[in-house]
1. Helix hunt in chain C: which complete DSSP H runs extend at least 15 Å axially by C-alpha with mean Kyte-Doolittle at least 0.5?
2. Going by amide H atoms built from the backbone, whose H comes under 5 Å of the H on B:THR243, apart from near neighbours?
3. How do C:176-188, B:94-106, A:312-324 rank on mean C-beta neighbours within 10 Å, highest first?
4. What is the mean number of Cβ atoms from other protein chains located within 10 Å of the Cβ atom of each residue in peptide A:252-264, rounded to a whole number?
5. In this model, which of A:LYS35/A:LYS210; B:LYS253/B:LYS326; A:LYS74/B:LYS216; A:LYS35/A:LYS74 are farther than 23 Å apart at the alpha-carbon?
6. Amide H to amide H, which residues 5 or more places from B:LEU105 or on other chains are under 5 Å from it, using H placed in the peptide plane?
7. Just to confirm a number: summing +1 for Lys and Arg and -1 for Asp and Glu over residues other than A:HIS200 whose beta-carbon lies under 9 angstrom from that of A:HIS200, what do you get?
8. ³J(HN,Hα) across region A:175-190 via Karplus (A = 6.51, B = -1.76, C = 1.60, θ = phi - 60°), whole Hz, x for Gly/Pro?
Amino acid sequence: MSDTKSNALSNASGNALSSATGKEPVAVVGIGQTKHVAARRDVSIAGLVREAAQRALADAELTWADIDAVVIGKAPDFFEGVMMPELYLADALGAVGKPMLRVHTAGSVGGSTALVATNLVAGRVHGTVLTLAYEKQSESNAMWGLSLPIPFQQPLLAGAGGFFAPHVRAYMRRTGAPDTVGSLVAYKDRRNALKNPYAHLHEHGITLEKVQASPMLWDPIRYSETCPSSDGACAMVLTDRAGAARSPRPPAWLHGGAMRSEPTLFAGKDFVSPRAGKDCAADVYRQAGIADPRRDIDAVEMYVPFSWYEPMWLENLGFADEGEGWKLTESGVTELDGDLPVNMSGGVLSTNPIGASGMIRFAEAALQVRGQAGEHQVDGARRVLGHAYGGGSQFFSMWLVGAAPPTS
Amino acid sequence: MTEVLKAPLVVEFPFTRSLGPVQSAFLTGLRERVVLGVRTGDGRVLVPPVEYDPVTSEEIGELVEVAPTGTVTTWAWNHEPRRGQPLDTPFAWVLVRLDGADTALLHALDAPGGPDSVRTGTRVRVRWAEDRSGAITDIACFEPYESPNPHELRDPYSGGAAALVGSDGRFEDPVTGIVAPARLDYTYSPGRAQSAYIRSLADRRVVGERCPSCRKVYVPPRGACPTCGVATSEQVEVGPRGTVTTYCIVNIKATHTANLDIEVPYVYAHIALDGADLALHGRIGGIPYDQVRMGLRVEPVWSEAGGHPDHYRPTGEPDADYETYKELL
Amino acid sequence: MPAPRPLRDIAVVAFAQTDHRRTSDDLSEVEMLMPVLHRVLARTGLKTGDIGFTCSGSTDYLAGRAFSFTMALDGVGAWPPISESHVEMDGAWALYEAWTKLLTGDADTALVYAYGKSSPGSVRDVLTRQLDPYYVAPLWPDSIALAALQAQALIDAGDTDEPALAAVASRSRASATDNPHAQLRGSVPRGDYAVRPLRTGDCPPIGDGAAAVILAAGDRARDLCERPAWIRGIDHRIEAHGLGVRDLTDSPSTRLAAERAGAFERPLDTAELHAPFSSQEVVLRKTLRLDDGVDVNPSGGALAANPVMAAGLIRIGEAAARIGRGASDRALAHATSGPCLQQNLVAVLEGDPR
């Protein structure tokens, strides 16, 4: 009876983990998404998440019985009007009798959810975990959820685009970027989306002229430079070394993952290039042994809800020096066949089930290193970054996945 | 110390819920006065029918008609019905296992005999709503039901009195979605710091708070310095003039926002009030929208209604130099 | 099944909470929370910048505002930026997330906090929005009604009766006499029926509050605390959502979580149970096989103070504090979420031998 306690004592002898008991490597062995659309009127909320989960299980050739725990994420509960919906979704996600966690970190939630799930494997709590994120925006109206009539507060004057557009103007002022850069991003991402069967927007016949001719909604942001409102879900199966060895398809290996948060609004906040984003990327690069992200990373799925955020994040994530990000975009470096492809899937600009958008970035990064991105595959992608952010550009989550297992 | 403000906050929306095939069949059935369950792989019948087996996680969809009569498996007497509940007179909440089902449905039981007339095991039947649209409320409630031989009725397929119509779960014009209105009432209070700020606005003064640690002035104050994590309390009057640090031109009226009565286009700007260490947000007026620029000097135009400035207008001063406000951008 | 040993020894080294009150409308959420964060940090001498990971639990539906947790972060002082996460769950699950983060070795210390203000809305009605949105939520069955259905099922099964429920409530409030943070203390009348068979005395007080815990791993825990409360095991499980498919007199998810946390391997001396309704303590005692040798809810439990979203974390904090002051050597802490104990977490905490 007393040996439990003495074990506790002998095991509590050091801070750092010994190499024998260190972190378990984490692999992505199953990925599933719904076809993202404006309104999935044919399914319930449970039916929507189930579809993505079932596809992830099928990809991994696993069954519900193989899943040890479920980690689910989504943006505010008011969007669907269901408080803590994981309670109702437990049955649909095969979670009955299992642990189920629900993450909410604003727009970064899809990425954070995946990272919480990785900890369960890395910390050797579970062998195989299902992680999933979703939004069914057609149940309500996101603008309603974001602008509840809170007394005494100055009403939100301009909608979500109006919140971000002034920061885009600040970026343009700071860098001298020509005002066409945003349209180049939108044109690229919408063309990439045509190669992704799961993308929401499939704008056949898109041209740069059409993007540039679209109405200016929140000057300097045009209609075609904004994201759609989508119903969709994304799921992944994460597993340990033993699980990866049984995987029928090549796994994606986690090389680094991190979250960083800073306050919503504060004196000295840099909305154009928030420090939390820089620190988060630096942490991921350190874990993954990335010395020069521009050279060492093959492609990026980044959270770009408004086109100008591509050059802004290129700088924030260290792919370009400050003020130089727009030059990468303008010179075609971020095109699908460019030197550093960005948002091969079409990105948030083409698909935005809010709570799932971050996880889609993470999953698309994993698809690339598994060589399973189909028509939007980047040839030879070995190391790809997935990126998500949310709140007032304050919550960041990122992971770097590789085709090879981590060496350390 | 300023007394805190309070005001009602109503959170209300008619959510539009798509159903999927199983829930569609069940709710359409209710419209047609038919109760459907769903059969699991091991032969249990779940009522109400769910899309996924809670035991095996399998997707299920084989619909089975069950009787509109059943047995109370547990109950609770609700002497003070609340808004939105099925009856507005005292009733019993009940879980009812319908004849032919293996699980129980939650609903209300109208028991005129009061709590002493209800017990676990009470036989009940569905009382249909007069107007039925395909919703759980098509069952108005349950009502007590004197059956001559309850034991026979446990299996409706044995020819008991319970009427089955022989539905296969397919209906003309099925219900595919419901509208689920939801209203919650709150009393909102913004707390100490924001109450003080809002009260000062009534006197057309803008009063921020200084962090005792980093000395930054927060406008509006939020009660805490978010970088130091300590309470702010030293009040500092700022402005009223300030500088436009950045802005956008709003060309659309977003639905569900409070800007519906503002004519577009208008300028939505970040304004650093003189003496504040971060910008607040406001609308710029008194100048054509396409002449607003970064560095423009502005002052508040107070609204007759009190509270926040209606908008800000140019002061006529020369523009501020970029270097003077770029840290506030 | 024997409980697996955690990869690392991790302990609760500090705990703080507000005085729980019917209303805190004089304070914003961050104004309510921040002093608790200061107190819990002061107990260890740590500053925000020393903390390896921060995780919180709260819900927008109590506040009536989307993204309500983002403003609470102001109280942390997240600058320079911090490694941080949030669960839309009771803070006990935030602690669980932080525990897994520490297991990976990425952090040695974690700050966990949770808060909930029930005073702005009607929590009975707010919680109806947790229910199946197609078949159940449209009927607005409130939280007391659902608990009452469970209570009647227990009475029918012979597991309890109304006097026994009253005794649970009265023992809880008597224990809370020694808890300066409790909202309901001493002699509280059984009251009238709220929803029969539950009387007002069987129901938790409605109130506002916040709590915070610091976790630390290995020697760091010893450095920060005289007597750390080692997390011997922690696990949580969820059940089917539908009340009509569950046996409301049992809690298989609690039993499984307790097994996985090692609760049944050796005797316990203390149990802090998150049972907002007196009847739920009956279910949990039966499920956890707690006998008279176990001191149940010496803090008064959720019947004495039930700040929604923090009440589960407070159970872990109270159990740890009891170990810390030498009043317990091995304690169980439990948290619940969802209607009629749908989801349950069990942690087993141990102090070093004295």
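Values in this text are rule-based calculations from the coordinates and carry no lab data. A quick note: this is a predicted structure, and the numbers were derived from the prediction, not measured. Positions of Cβ are backbone-derived with ideal geometry, glycine not excepted, and every protein chain shown enters the neighbour counts.
1. Values: long enough: C:29-42 (20 Å, 0.95); C:91-103 (18 Å, 0.40); C:143-156 (20 Å, 1.29); C:162-175 (20 Å, 0.04); C:278-288 (16 Å, -0.15); C:311-324 (19 Å, 0.77).
What comes out of the filter, once short or polar helices are dropped, is C:29-42, C:143-156, C:311-324.
2. Under 5 Å from the amide H of B:THR243: B:ALA272, B:LEU273, B:ASP274, B:VAL298.
3. B:94-106, A:312-324, C:176-188
4. Per residue, the average neighbour count from other chains is 5.
5. Where the Cα-Cα span goes over 23 Å, the pairs concerned are A:LYS35/A:LYS210; B:LYS253/B:LYS326; A:LYS74/B:LYS216.
6. B:VAL96, B:ARG97, B:LEU98
7. 0
8. Running phi through 6.51 cos²θ - 1.76 cosθ + 1.60 with θ = phi - 60° gives 10, x, 5, x, 6, 8, 4, x, 5, 4, 5, 4, 4, 5, 5, 5 Hz.
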